[in-house]
Amino acid sequence: MTAAPTPPAPVDLNHNPHLSGVFAPQRREVSVAELPVTGVLPADLNGTYFRNGPNPRFDPIGTFVYPLDGDAMVHRVTLRDGAASYANRFVRTPMVVAEERAGHAIWAGITDLYTPGPELVGPELAGTSRELPDINVVAHAGKLLAMAESEQPYRLDPGDLATLGRDDCAGAMALGSTAHPKLDPRTGELVLFTYRLEPPYLAWSVVAPDGGLRRAPTPVDGVDEPIMVHDMALTERYIVLFLGPLIFDIPGMLNGGSLLDWRPGNGTGIALIPRDGSPVRWSHTEPFWVWHFANAHDDEQGRVVVDYVRWSYPGGLAEVAEEQRGGVERAVIDPESGAVRRTVLSDRFVEFPRIDDRLISRPHGTVATVSSGPGRNALVFLDPERDTEKVWNAGDLAVGEPVFLPGAEHDYWGAIATDPGDMSSRFHVLSAEDPAAGPIASIQLPQRVPAGLHGAWVGADSDVLDPP
Ligand SMILES: [Fe+2]
């Protein structure tokens, strides 16, 4: 009988920038009503903002690779009749439940080769990896889903944020799902892709408006190695995927190398996947990387217009020099010839591009983004058609991803920001007409919300929220 493997040593929290300061995990779960507000909350804005992000339940062991590692914590800010409330809960995967029973971390990071044995976690969980539904939240067909990176999501109860269990959306997510599926506001469909370490390496599928299966996972032909693809864009005709040369190198990792290998010689492939199931249209360009798309649409000539944040290579997983960071770009892709024309919309280094989600797959107007770092914390609002830029300079505040807030009479943008001076967090509401003027209302949250990832606004009339 061989001895059980020894669990790895604890991660040094103080020397990991993504486990300390504004990123430090929040372990308290609270529900607080009637939050203090500076300014006046718009009376025409009723609904709930949900936000997800990596938040390890216990101090991690082994390694911690931001933004992929960590357990999920979902934060909820509800606005109703000019008042605000807040709650937060961990997403309780079987791993979080087992660790809570033990009182410490059992699973290591995703790049560690260690998995716990049956003596620690029992036969069912032995040899498993930590599940990580910590990237995004999506509301569709009456469900609130905590999304993982190309795994199945966890469904949450929007009322008490309790974890209801894993959900494959009637089989559409049987192989997993990107954390960034796109809800087509015209058809009500939730369109998604997933990538895998084994064939099929890439597949796409569609959830019907009622939550049923519209298209089962369908392999994307022409992909012959495991490749990482984080986000997608959607037009009325196509799913748009940019395949940067970031390859999963399992043999390399088993030999002590890194899990992901950047191979610029491969260039970046662009797949236009017709939503009617006809053959994929491919284009190829010089190598670059995209974490996030703003949006895409079909233009009158049948070309695909897509806006995104460009990186020279995948920063976030590695340090990226200032000059290697990209800006906001637009690509115009001709599906017939494969020709790609790329233009720079802004050379500011920003991330987390968001639009008015009601315009997904159609021309979108404003793209809201975040600029971060000393002296440049800001929300930056670009209008590519009008070639304008509006900036709310946030001073020292660490600002998170913006989200569009459609009110009954006016439109707004919202974002959580944390003051690194006193570690207080607020949900700021800005006028969509004049966001550069800064927040018209700031909700004092009852505790620090760690700097995190993606969120979603769910209007009070949505079937996802419990009736009041
Ligand atoms: Fe993302």
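Values quoted throughout were computed directly from the atomic coordinates according to the rules given, and no laboratory measurement underlies them. Keep in mind the model is a prediction, meaning the values are calculated, not measured. A quick note on method: Cβ atoms are made from the backbone with ideal geometry, for glycine too, and the neighbour counts reach across all protein chains shown.
Using a cutoff of 8 angstrom between alpha carbon atoms and counting only pairs six or more residues apart, the relative contact order for region 180-356 works out to 14 percent. The ranking of D71, D356, D224, D347 by Cβ neighbour count inside 10 Å, starting from the fewest, reads D224, D347, D356, D71.
Here the Debye sum runs over all C-alpha atoms of region 180-356 as equal scatterers in vacuum, and log10 of I(q)/I(0) at q = 0.08, 0.14, 0.15 Å⁻¹ comes out as -0.25, -0.77, -0.89. Cβ crowding within 10 Å ranks F242, F404 as F404, F242, fewest other Cβ atoms first. Quick one: net charge around H140, please, counting Lys, Arg +1 and Asp, Glu -1 for every other residue with C-beta under 11 Å from its C-beta. Surrounding charge for H140 is -2. Taking the fewest neighbouring Cβ atoms within 10 Å as the starting point, the ordered list for Y154, Y308 is Y154, Y308.
For the peptides 98-111, 227-240, residues were scored by their other Cβ atoms within 10 Å and the scores averaged per peptide; the highest-first order is 227-240, 98-111. Each residue of region 96-110 is assigned a 3J(HN,Hα), and the resulting list reads 5, 4, 5, 5, 5, 5, 7, x, 7, 5, 10, 7, 9, x, 5 Hz, derived from the Karplus form 6.51 cos²θ - 1.76 cosθ + 1.60 (θ = phi - 60°), x at Gly and Pro.
Taking Cα centroids, how far is region 349-392 from region 246-300 in Å? Here the two parts' Cα centres lie 24 Å apart.
About its Cα centre, the dipole of region 1-151 is roughly 360 debye, where the only charges are +1 on Lys and Arg Cβ and -1 on Asp and Glu Cβ.
The order of the peptides 248-261, 210-223 by mean Cβ neighbours within 10 Å, most packed first, is 210-223, 248-261.
About its Cα centre, the chain has a charge dipole of approximately 220 debye under the convention of +1 per Lys or Arg Cβ and -1 per Asp or Glu Cβ, with nothing else charged. Here region 35-95 and region 142-203 have alpha carbon centers that stand 19 Å from each other. Spin-label point model (7 Å from Cα, Cβ direction): what's the A9 to E225 distance in nm? Roughly 3.4 nm, to one decimal.
Each of A148, P245, M232 was placed along the dipole of region 134-265 (beta-carbon charges, centred on the mean Cα), and the one lying farthest toward the positive end is M232. Could you work out the local net charge near G302, counting Lys and Arg as +1, Asp and Glu as -1, over the other residues with Cβ closer than 12 Å to its Cβ? Taking every Cβ under 12 Å from that of G302, the sum is -3. Ranking I416, P374, V30 by how far each Cα lies toward the positive end of the dipole of the chain (charges on Cβ) leaves V30 at the top. Secondary structure note: in the chain, about 100% of the DSSP beta bridges are antiparallel.
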